[in-house]
Structure formats: structure tokens, C-alpha cells
Amino acid sequence: MPSVLPRVGLSELMEQFNCEIKCREYLESLRWPEGPACPKCGKKEIARVVNREAVLRCKGCQTQFSVTAGTVFNDSHLPLAKWFIAVFLLCESKKGVSALQIQRILKIGGYKTAWYLCHRIRSAMAEASKPKLSGQIEMDETYVGGRGKGLTQRGRGTKKLPVLGIRQRNGELRMFHAEDVTTRSLEKFLRESVSDDVEVFFTDELTTYRGIAKRFGFVHKAVSHSTKEYVRGEAHTNTIESAFSLFKRGLRGSWHKISAKHLQAYLEEMCFRFNRRNTETLFQDTLRQMVNASTLTFEALTKESAA
């Protein structure tokens, strides 16, 4: 199995991974590049259980395990080939794909199964390591939510859900579902996302940004959207706004409605895909995350948030 899987079309993918054995072998190469290791004692003296090719046994402590044990795939009865197709669709649909569409394509029995499948993939994407941003940074906020009472107002002051975005020009994107757009929230996400090597901090005219830039020691340049100013020299927020626009097109065209509880998961999916959009290893990177990420149970996914 190649160490790097070239970016291919769906038909090539289905041909390459047309059985459980091929899928499992590829996952093993991603999880254990130097060969299988016992998850309990760490030893690499491993044997396959007779007549149960998917099951591995440690010759030292006798622990039995598989490549999917303790991962996002844990306790799934869905064939790995269908998992691979679902991952491919989430990776290659730049505006996202709905659980209902996944259900129709994969002929999965129920919507909840497809919804849970998509969220497990998203949870692995969210665990990806995120280097801090540097250089020229843009920051802005947007608001998402459906139509209805109290949701017609646009911009600051609306009852819609606030989303903060930070994007490095010619670099990566970070987006966060925030409780509010206060100085405390903005500073929290900036501190988590950017390094000390910020050259210029680009925003709109919100006065909060001016104070933040001063406290962080950033060179600050702003444009005044309220006066229809969108570009002044190198000062603009068009880069982050284009990312917001892409997310909202996915919201309108694919996901349609997202609860506040799960909004961050969709933002993580969008950022993971966006930051790797020009790479040949997006599909491979996603699978690697899935065999190294922690298990997400249905109970944990649907549990009510703490008051």
C-alpha cells in the first residue's frame, strides 16, 4: 500500500478499496506506519487471529485488538468501504454534504446512522493539530441562523449565532462559534490562534479591535464598512469574508439548519477541508485523523449541554 495516496475520483477510490481487507490494510498503514503495536503494552510482536483476519493478538500480553478499536470507527457495523466513500464525499464537497445525501448514496438504513457517521468524521477533523497563525492576519465576525422571529436583523445586535473568523493571508483559517462578540471573547480566540509573529492585524472599524491590537502590540489597519469602504491599500477583510461566504453557501445548500450545540463541529469540518484544499493528501489526512482520534459515542454526541 503506498505511503501517499494520490487524490483520485470516486470510481478510482471504489476500485482501489473494494473490500474490507484492502480498507483495513490501508488503515493499519496509517495508524501503525512501522507495523502494528499493542495498545496495552506497546509491544510489536503481533500475530493475526486464525480465521479472524481483522483481529490482532499481542504475543506478549495476549491482548486482542483491531485497527478500528478505540478510534472513530469503534463499534461501527458499517462496512469500511462505505466509510471510505463517506469520507471521500465530505472531503471533496467544498460546501459540505448533508447526512441525508450520505444516507441516500450509501443506502444506510436510517438518517440517525448517517448523521452519526458524519459527526464522527467531523470529530476526527476537529482533533487535528493547528499551528498558530502569523504574518498578515484578518479577523472578523459573522452571524448564522434561520429566518424567524428575532432573526431578521443582520449584523451586530442580531439574535443569530455569532461566528468569529481569523485567517492568515496565504495561510490557514480558524473559525469559532462564540457566545458573544465581546473583547473577552475576541481576545480569547486570538490568544489561542495567533503567534507573536503577527505583522499586521486587519479588521473592520469595530472599536473593540483597536483596543485589542494595542494590548497585543499589533500593527492595526482597518476599513470602515459603515461608510461602504471595503479596501484601502492593503487593508481589507475580504479574505476572511470569502471563507464566511463559503460556509454560508454550505449552510444554505447542504446543511440547511445547524443547532448551536453542533455549530462548532461544522466549522471545524469546513476549516479542516479549506486548509487542505490544494493538497493531494486530504482524503489520506482525514483517515489518519480518524484512526488516531478518540471515540465519539452516540450518547456523548446527543447529550444535553450542561446548564
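The values are calculated or read from the model by the stated rules, or taken from the named source; none is laboratory data. A quick note: this is a predicted structure, and the numbers were derived from the prediction, not measured. FYI the Cβ positions are ideal-geometry reconstructions off the backbone, even for glycines, and counts take in every protein chain you see.
Tabulated values for the structure
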item	result
Lone qualifier among Glu234, Glu241 - being surrounded by fewer than 20 Cβ atoms within 10 Å (Cβ to Cβ), of a type in the set (Asp, Glu) and within 16 Å of Val144 (Cβ to Cβ)	Glu241
Number of the exception - Arg276 against (1) in contact (Cβ under 8 Å) with a residue 60 or more places away in the chain; (2) under 24 Å from the mean Cα position of the chain (by Cα); (3) surrounded by 14 or more Cβ atoms within 10 Å (Cβ to Cβ)	(1)
Any hit, the stretch 37-45, residues being under 28 Å from the mean Cα position of the chain (by Cα) and either surrounded by fewer than 16 Cβ atoms within 10 Å (Cβ to Cβ) or within 25 Å of His119 (Cα to Cα) (or both)	yes
Residue in the stretch 13-21 that is touching a residue at least 24 places away in the same chain (Cβ under 8 Å), crowded, with 17+ Cβ neighbours inside 10 Å and within 20 Å of Cys118 (Cα to Cα) present	yes
Residue in the stretch 195-216 that is surrounded by the fewest Cβ atoms within 10 Å (Cβ to Cβ), counting only those that are under 18 Å from Gln136 (Cβ atoms), in contact with a Ser or Thr (Cβ under 7 Å, 6 or more places away or on another chain) and of a type outside the set (S, T, N, Q)	Asp197
Yes/no for Val223 being more than 24 Å from Ala124 (Cβ to Cβ), surrounded by fewer than 15 Cβ atoms within 10 Å (Cβ to Cβ) and either free of Cβ contacts under 8 Å to residues at least 12 places away in the same chain or of a type in the set (A, V, I, L, M, F, W, C) (or both)	no
Ser294 touching an Asp or Glu at 6+ places or on another chain (Cβ under 8 Å) and either modelled with pLDDT under 95 or at positive phi (or both)	yes
Conditions (1) surrounded by 12 or more Cβ atoms within 10 Å (Cβ to Cβ); (2) in contact (Cβ under 8 Å) with a residue 24 or more places away in the chain; (3) within 20 Å of Met290 (Cα to Cα): number failed by Leu56	(2)
Considering residues of the stretch 103-114 that are under 18 Å from Val72 (Cβ atoms) and of a type in the set (A, V, I, L, M) only, the residue surrounded by the most Cβ atoms within 10 Å (Cβ to Cβ)	Ala114
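Quick grid of which residues meet (1) modelled with pLDDT of 95 or more; (2) touching a Leu at 6+ places or on another chain (Cβ under 8 Å); (3) of a type in the set (Asp, Glu):
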{"position": "Glu241", "(1), (2), (3)": "yes, no, yes"}
{"position": "Leu246", "(1), (2), (3)": "yes, no, no"}
{"position": "Arg252", "(1), (2), (3)": "no, no, no"}
{"position": "Trp255", "(1), (2), (3)": "no, no, no"}
{"position": "Ala260", "(1), (2), (3)": "no, yes, no"}
{"position": "Leu287", "(1), (2), (3)": "yes, yes, no"}
{"position": "Lys303", "(1), (2), (3)": "no, no, no"}
{"position": "Ala306", "(1), (2), (3)": "no, no, no"}
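To keep it simple, each residue is scored yes or no on (1) farther than 23 Å from Arg252 by Cα; (2) surrounded by fewer than 16 Cβ atoms within 10 Å (Cβ to Cβ).
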site	(1), (2)
Phe65	yes, no
Asn74	yes, yes
His77	yes, yes
Val87	no, no
Leu90	no, no
Lys95	no, no
Gln101	no, yes
